[in-house]
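Colleague: Mind looking over this structure? Questions follow.
The values are calculated or read from the model by the stated rules, or taken from the named source; none is laboratory data. A quick note: this is a predicted structure, and the numbers were derived from the prediction, not measured. Every residue, glycine as well, gets a Cβ built from its backbone with ideal geometry; the counts of neighbours run over all protein chains shown.
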Amino acid sequence: MLRPCSHCGAPERHLRKGYCQACYRRWRRTGSLDAPTVLPPLSRGLISRLSTYAPESGCRTWRGTCDRDGYPIYFDSELWQKERRQSHIRVHRWLAQDLFGDIPDGQFVERSCGNRKCVAVGHLALVSHAQSQFTRAGVNVRKNHCDSGHDFDEGNAYINKAGKRICRTCQRRSAAAYRKKEVAFDARMRRTYGITAADIERLLAKQGDCCAICNTAFVFTEGKKNPIHVDHDHACCSGRTSCGACVRGLLCEGCNTGLGTFKDDLSRLQSAIDYVKRHRASGPMQGT
């Protein structure tokens, strides 16, 4: 439920002392509800104060907030005061509109120095997409080799569906590394459980990619531990390894640990089931 702020009237879900978040924070910082906003509106002078000039390159490096790609942004305090909506101003675009007016369709704000944090007016220009490839900011387009040093020639490079150049040599090396990893996994399965990676795939398909006991779906995450645990009958092979014939299925970590704790003892497992049922039926224990 939205309630109006007692000072500015802005609708807010949570009020503090009857004030919205902005008014409450202004009161806490300044001791007055009528104090000016902490962040002044964006201007040329403010950009100069929030940047550092480098005489050798002519760049004026932004020292304020940047987005995830490293481009300067600034909090739109005017929009917040008028509509209570949070938004950010793209500093490069604001400067270009201040210099050239409205930006036509098909034109982009580009920096001749290639420095994303540069807000120097002399380094800004409006260019088309084709022209941007020949500026310093279009350095990736002009590369004739990949990061590993392989040439981007007709026999070694191709354009993928996303429009990016892909190095065939690097791709072959990556595929070879992946196959090597698969071969290592297959060798470990053969050595430890007497089965192959193909047997693991068949068991996964049979179980619907879920644990054979609790039916929890296996979640595979890059860089994290494999969630699959191969379960075998310890009456046949008592150690950690298996002959392959006694493999029963694939379990999650919790179920595999539980079976190991109960040592596959059916009487203990049945006693645990009866214990849970008995206490669930009687309800929580009353205090004395």
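Colleague: Among THR196, THR221, which is β-branched (Val, Ile, Thr), under 26 Å from TYR178 (Cβ atoms) and exposed (fewer than 15 other Cβ atoms within 10 Å of the Cβ)?
Modeller: Going through THR196, THR221 in turn, just one is β-branched (Val, Ile, Thr), under 26 Å from TYR178 (Cβ atoms) and exposed (fewer than 15 other Cβ atoms within 10 Å of the Cβ): THR221.
Conditions tested, residue by residue: (1) loosely packed, with under 11 Cβ neighbours inside 10 Å; (2) within 43 Å of the chain's Cα centre (by Cα); (3) polar (S, T, N, Q).
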position	(1), (2), (3)
PRO227	no, yes, no
CYS236	no, no, no
ARG240	yes, yes, no
LEU251	no, yes, no
THR261	yes, yes, yes
ASP264	no, yes, no
ALA272	no, yes, no
VAL276	yes, yes, no
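Colleague: Of ALA177, ALA205, which residue is of a type in the set (Gly, Ala, Ser), assigned by TED's automatic domain parsing to the domain that holds ALA245 and farther than 18 Å from ALA245 by Cβ?
Modeller: ALA205
Colleague: For segment 193-214, what are the residues that are touching a strand residue (DSSP E or B) at 6+ places or on another chain (Cβ under 7 Å) and on the phi > 0 side of the Ramachandran plot?
Modeller: ASP209
Colleague: What's the number of the condition THR196 fails, among (1) in contact (Cβ under 8 Å) with a residue 24 or more places away in the chain; (2) closer than 30 Å to GLY239 by Cβ; (3) not charged (D, E, K, R)?
Modeller: (1)
Colleague: How many residues are over 17 Å from CYS118 (Cβ atoms) and either at pLDDT 80 or above or within 35 Å of the chain's Cα centre (by Cα) (or both) when one looks only at segment 34-62?
Modeller: Of the residues in that region, 7 qualify.
Colleague: Also, quick follow-up: If you take just the helices (runs of 4 or more DSSP H) that sit entirely in segment 1-119, which of them hold at least 3 residues that are closer than 30 Å to HIS129 by Cα?
Modeller: Of the helices (runs of 4 or more DSSP H) lying wholly inside segment 1-119, those with at least 3 residues that are closer than 30 Å to HIS129 by Cα span 44-49, 91-100.
Colleague: Can you tell me which residue within segment 185-208, out of those that are part of a helix (DSSP H, G or I) and among the polar types (S, T, N, Q), is farthest from LEU251 (Cα to Cα)?
Modeller: Looking at residues that are part of a helix (DSSP H, G or I) and among the polar types (S, T, N, Q), I get THR192.
Colleague: Starting from segment 218-234, take each residue that is under 24 Å from LYS263 (Cα atoms) and list its partners that are surrounded by 10 or more Cβ atoms within 10 Å (Cβ to Cβ) and among the basic types (Lys, Arg), counting only C-beta distances under 7 angstrom and pairs at least six apart or across chains.
Modeller: Listed pairs, sorted by first residue: ASP231/ARG248; HIS232/ARG248; ASP233/ARG248.
Colleague: Condition (residue is in contact with a Gly (Cβ under 8 Å, 6 or more places away or on another chain), within 28 Å of ARG26 (Cβ to Cβ) and modelled with pLDDT of 80 or more) applied to segment 113-121: is it met by at least one residue?
Modeller: Scanning segment 113-121 turns up no residue that is in contact with a Gly (Cβ under 8 Å, 6 or more places away or on another chain), within 28 Å of ARG26 (Cβ to Cβ) and modelled with pLDDT of 80 or more.
Colleague: Which of the residues that make up segment 15-36 are of a type outside the set (A, V, I, L, M) and touching a helix residue (DSSP H, G or I) at 6+ places or on another chain (Cβ under 8 Å)?
Modeller: Passing the criteria: ARG16, LYS17, TYR19, SER32.
Colleague: In addition: Restricting attention to segment 72-91, which residues are surrounded by 14 or more Cβ atoms within 10 Å (Cβ to Cβ), at pLDDT 70 or above and out of contact with any strand residue (DSSP E or B) (no Cβ under 7 Å at 6 or more places or on another chain)?
Modeller: SER77, GLU78, LEU79
Colleague: May I pose another question? Report yes if some residue within segment 1-8 is farther than 19 Å from ALA125 by Cβ, within 33 Å of the chain's Cα centre (by Cα) and surrounded by 14 or more Cβ atoms within 10 Å (Cβ to Cβ); otherwise report no.
Modeller: no
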